[in-house]
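To start, the structure itself, in structure tokens.
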């Protein structure tokens, strides 16, 4: 059985009060109507009862409907004002009123009242459902993040023991057959890969919750630090990394370091064996409030199908024997960029290499 709807009418004109009461009775509208004739009386009513809807007239003896609207938070309001009150109605809608009606001398506005109430209550129900969905999604995400963290944390210890006992086993290699040594080596490699995947999973699950606050940073400095950190990889591959003219913008410095380290290290990893890897970072402004930073390489490139899934976690586009890694680095990049209210996409012309385009705003909202 549907619950009875309780409506508070805030109206000091007795003629309008009677007209609305008669409208409800004549059309058999099953609403319980309570009347408050003043600002003060309406406040008292709202303190002792939670109404489903408020019909709020603008002109009251001890205040205005706009002033009363400031005290109403979660209850939908239909604002009622005279013909010469367009500016007031605009203010009411900006202040949170769901809809409005304009009074006229013949009270024709009352004919619109039932349909307006239905529209407002339908919108309120949709907003309530959306709020419930959002709350449930936030709860579910929090549980998943907690599960990922706890599961990963609890898996570290047994893996550490597998690696440790494997080391002891290999130390006694003189007592092992060649086949047993091979099994032990495979066991070690699998355990170490799992350890790396767990660390990557922890990073992936905490991008949005463990980041530092945003502050103004120079990406030229960030990228130079990344180049220094990747010095060994650059030296091993005879790689060349060029970057200049990068912007200064608001960001999390640690996550920006992680973002560009992942992109540059990927470019170094997926290079053509017969060619020296060359990575170039070029920035250009987009409108007045954001920048595109392109990270281009001359590597093995991507085909169209790979572009669609490259940012998915744990998706490997190449065999483990060809390229090491867990397949989560670019998924972390996408999460970092999303946390910074930006976008990332990849362009590739096959044999000509790949370009990752990162679009970041100059300033963050929070």
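The values are calculated or read from the model by the stated rules, or taken from the named source; none is laboratory data. Everything numeric in this text was worked out from a predicted model, so none of it was measured. Virtual Cβ from ideal backbone geometry, glycine too; neighbours counted across all protein chains shown.
Worth pointing out:
- In segment 17-53, the residues that are in contact (Cβ under 8 Å) with a residue 40 or more places away in the chain and closer than 21 Å to residue 91 by Cβ: 53
- Filter result for residue 162 (closer than 15 Å to residue 198 by Cβ and assigned to a helix (DSSP H, G or I)): yes
- There is at least one residue in segment 68-79 that is closer than 15 Å to residue 12 by Cα, part of a helix (DSSP H, G or I) and in contact with a helix residue (DSSP H, G or I) (Cβ under 9 Å, 6 or more places away or on another chain).
- In segment 253-267, residue surrounded by the fewest Cβ atoms within 10 Å (Cβ to Cβ) [restricted to those that are free of Cβ contacts under 8 Å to residues at least 60 places away in the same chain and out of contact with any strand residue (DSSP E or B) (no Cβ under 7 Å at 6 or more places or on another chain)]: 254
- For residue 179, the conditions (1) surrounded by 10 or more Cβ atoms within 10 Å (Cβ to Cβ); (2) within 30 Å of residue 197 (Cα to Cα) are fulfilled apart from (1).
- Of residues in segment 315-354 being at pLDDT 90 or above and not in a helix (DSSP H, G or I), the one farthest from the chain's Cα centre (by Cα): 345
Residue-wise test of (1) in the same structural domain as residue 146 (by TED's automatic domain parsing); (2) within 24 Å of residue 300 (Cα to Cα); (3) not in a loop (DSSP other than H, G, I, E, B).
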{"site": "184", "(1), (2), (3)": "yes, no, yes"}
{"site": "199", "(1), (2), (3)": "yes, no, yes"}
{"site": "250", "(1), (2), (3)": "no, no, yes"}
{"site": "280", "(1), (2), (3)": "no, yes, yes"}
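- Here residue 159 meets the list (1) more than 20 Å from residue 335 (Cβ to Cβ); (2) without any contact (Cβ under 8 Å) to a residue 24 or more places away in the chain almost entirely, failing just condition (2).
- Unique residue being out of contact with any strand residue (DSSP E or B) (no Cβ under 8 Å at 6 or more places or on another chain) and surrounded by 14 or more Cβ atoms within 10 Å (Cβ to Cβ) when the list is 15, 75, 64: 64
- Single match in 224, 258 (criterion: over 30 Å from residue 145 (Cα atoms), at pLDDT 80 or above and not assigned by TED's automatic domain parsing to the domain that holds residue 162): 224
- Members of segment 224-250 that are free of Cβ contacts under 8 Å to residues at least 40 places away in the same chain and within 14 Å of residue 292 (Cα to Cα): 243, 244, 245, 248
- Condition met for residue 207 (under 21 Å from residue 362 (Cα atoms), modelled with pLDDT under 90 and either buried (at least 19 other Cβ atoms within 10 Å of the Cβ) or not assigned by TED's automatic domain parsing to the domain that holds residue 346 (or both)): yes
- Any hit, segment 54-65, residues being part of a loop (DSSP other than H, G, I, E, B) and either within 23 Å of residue 128 (Cα to Cα) or without any contact (Cβ under 8 Å) to a residue 12 or more places away in the chain (or both): no
- The set of residues in segment 25-49 being within 16 Å of residue 69 (Cβ to Cβ) and outside any helix (DSSP H, G or I) consists of 36, 38.
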